[in-house]
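Asks: Have a look at the structure that comes next, please.
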Amino acid sequence: MEATISKNQQKKLKKRELWQLKRQEKKKKKIRKPKPKTLFRLNREEWDRRKAGNVKVIIDCEFNELLTEREKTSLKQQIMFSYAENKKSENPVDLKLTGVDDSMEQEIKNLSSGNWAIDICKQNYIDLYEKEKLVYLTADATEEVDEFEKDKFYIIGGLVDHNRLKRITIDKANSQGIKSAKLPLGRFKDTKIDWSRVLAVNHVFQLVLKYVEFQDWPTAIECSLPPRKKQKTEEEAEENKNEEAKTT
Ligand SMILES: C[S@@+](CC[C@H](N)C(=O)[O-])C[C@H]1O[C@@H](n2cnc3c(N)ncnc32)[C@H](O)[C@@H]1O
């Protein structure tokens, strides 16, 4: 006996066929871009050599237990972004994670696809390096960074706290008796950007990386600026201009 299908079912079938056709066409159109041949991929030994002689950056993961599960996930993503940027760089910095607990270590390793080029230390930086060589980067510092020195270790707080844990890094640096410094963002106020904001771990890392590459703060800032923030501030600038036009 011939099976009959309702009009509704016929419509659904047609829709499905159309959708499958479109999907196949899309797949055909999709051209796989070849990954750019970075120094890391071309000559890992040379990349390692450059990294070893360059500025040292530590992401301090000792705060992990103060973060919520969501914040922990964001932090891991920010670490992975930083790691990926460093891998792409011709002038990589020596990136280390310190104070990493077992579960975080495992989760970070799971996220990376082998070829691991980052040191993960369970120990804390204070037990690993001389105090004189350590500089804690924190927006609450009074001093500003002038330039990054190759023999110093610059520490970034492993925090995604939406400013919940106010002054936690400056207090830590002070209690450990180590230097602290903020990024010299205030000097570049004319860049339309509200730089009083505390930056995310990956943006701070990117700024260090780009400064090391270009040796120029405005360029480093421009390259590391979060696009969302840039767009917002540009819209705000446009609005301000309109307001000014109305009042003058
Ligand atoms: C999201 S912030 C964490 C803010 C946290 N409440 C604190 O007290 O540091 C992540 C880290 O990026 C670094 N950082 C953010 N903005 C900075 C700035 N303007 N200057 C220097 N370091 C900064 C700090 O190391 C900071 O711990």
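The values are calculated or read from the model by the stated rules, or taken from the named source; none is laboratory data. Please read these numbers as outputs of a predicted model, since none were measured by experiment. Backbone-built Cβ (ideal geometry, glycine too); neighbour counts: all protein chains shown.
Asks: Just checking, does the stretch 59-69 include any residue being touching a Ser or Thr at 6+ places or on another chain (Cβ under 8 Å) and of a type in the set (D, E, K, R)?
Replies: Yes, that holds for at least one residue.
Asks: Next question, about the same structure. Residues of the stretch 118-158 being away from the ligand (no atom under 16 Å from the Cβ), surrounded by fewer than 16 Cβ atoms within 10 Å (Cβ to Cβ) and assigned to a loop (DSSP other than H, G, I, E, B), which ones?
Replies: LYS122, GLN123, GLU130, LYS150, ASP151
Asks: How do the pairs read when you match residues in the stretch 159-179 that are within 19 Å of TYR129 (Cα to Cα) with residues anywhere that are among the β-branched types (Val, Ile, Thr) and within 7 Å of the ligand (Cβ to nearest atom), using Cβ under 9 Å and keeping only pairs 6 or more apart or on different chains?
Replies: Taking only residues 6 or more apart or on different chains, the pairs are THR169/THR138; THR169/ILE155; THR169/ILE156; ILE170/THR138; LYS172/THR138; ALA173/THR138; ALA173/ILE155; ILE178/ILE155.
Asks: Hey, which of the helices (runs of 4 or more DSSP H) in the stretch 1-96, taking only ones fully inside, have at least 3 residues that are among the hydrophobic types (A, V, I, L, M, F, W, C)?
Replies: Hits in the stretch 1-96: 7-29, 39-42, 69-88.
Asks: May I ask you to list the residues in the stretch 174-186 that are of a type in the set (A, V, I, L, M, F, W, C) and either part of a strand (DSSP E or B) or within 12 Å of the ligand (Cβ to nearest atom) (or both)?
Replies: Within the stretch 174-186, ALA181, LEU183, LEU185 qualify.
Asks: Still on this structure: Out of all the residues in the stretch 82-94, is one or more in contact with a Cys (Cβ under 8 Å, 6 or more places away or on another chain), among the hydrophobic types (A, V, I, L, M, F, W, C) and modelled with pLDDT under 95?
Replies: no
Asks: Can you pull out the residues in the stretch 180-214 that are at pLDDT 90 or above and surrounded by fewer than 16 Cβ atoms within 10 Å (Cβ to Cβ)?
Replies: Correct list: PHE214 only.
Asks: I'm checking my understanding of the structure. Among residues of the stretch 161-173 that are of a type outside the set (Lys, Arg) and more than 6 Å from the ligand (Cβ to nearest atom), which one is farthest from VAL204 (Cα to Cα)?
Replies: Checking each candidate, the answer is ASP171.
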